[in-house]
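The values are calculated or read from the model by the stated rules, or taken from the named source; none is laboratory data. Since the model is a prediction, treat every value here as computed from it, not as a measurement. Here Cβ is always computed from backbone atoms with ideal geometry, including for glycine, and neighbour counts include all displayed protein chains.
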Amino acid sequence: MTNIDTLRYPIGDFVHGQEFSGVETQQHIAALAELPVKLTKLVGKWGDDRLNTPYRPGGWTVRQLVHHIADSHMNAYVRTKLALTEDNPTISPYEEGEWAKLPDSMLDVAPSLVIIHNLHLRWVTILKALTESELERTYFHPASKKTFPIRQVIALYAWHSEHHYRHAYRLAERNGWE
């Protein structure tokens, strides 16, 4: 793995199609529950100079990263609810790179940190209450042409949470900001 790959994928890439035990799923839900506090503690008091710093050459700024997490996890939350209330619904993909260019990506990170906190509270409440059969409910992603069980979605977003947290954390380490 090259240095730029390490900066881009600080915890490695997510491997799709894995099977996860009940214990692993509970660990993934716990990771989702922890993200809002971890992320806010890390970047919540950063000034514009730090927030406007890309986490890697050619990458998003920390500001864009935080707003992306809010956007991405809102989509995942809605997709989870769709999978729980409809039979294998086809979800709507979105262009995350284009979303990161919209004017709200230049706002202070506080509104997105609040969204992440409250969204994860709601999402984790649902996830903790799911039965084994509900964890196997699915949605269809038309871009990848794959069906995703909720259990795998939980693992993906636990990974996604740590993946982006580590982008900001390692940037802070490299710059002596922690």
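Assorted remarks:
- Condition check for ASP108: acidic (Asp, Glu), out of contact with any strand residue (DSSP E or B) (no Cβ under 8 Å at 6 or more places or on another chain), over 23 Å from GLY22 (Cα atoms) and in a helix (DSSP H, G or I): no
- Test result for THR80, over 16 Å from the mean Cα position of the chain (by Cα) and under 27 Å from LYS145 (Cβ atoms): no
- Of GLY58, GLY44, all but one fail to be surrounded by fewer than 17 Cβ atoms within 10 Å (Cβ to Cβ), of a type in the set (Gly, Ala, Ser) and modelled with pLDDT of 95 or more; the exception is GLY44.
- Among the residues of segment 121-130, some residue qualifies, meaning at least one is in a loop (DSSP other than H, G, I, E, B) and without any contact (Cβ under 8 Å) to a residue 60 or more places away in the chain.
- Of all the residues in segment 131-173, those that are in a helix (DSSP H, G or I), loosely packed, with under 13 Cβ neighbours inside 10 Å and of a type outside the set (Ser, Thr, Tyr) number 2.
- If you go through segment 87-105 and keep only what is surrounded by 12 or more Cβ atoms within 10 Å (Cβ to Cβ), in a loop (DSSP other than H, G, I, E, B), at negative phi and not small (Gly, Ala, Ser), you end up with PRO89, ILE91, TYR94.
- Contacts under 9 angstrom Cβ, first residue in segment 29-50 being part of a loop (DSSP other than H, G, I, E, B), partner loosely packed, with under 13 Cβ neighbours inside 10 Å, 6 or more apart: GLY44/ALA110
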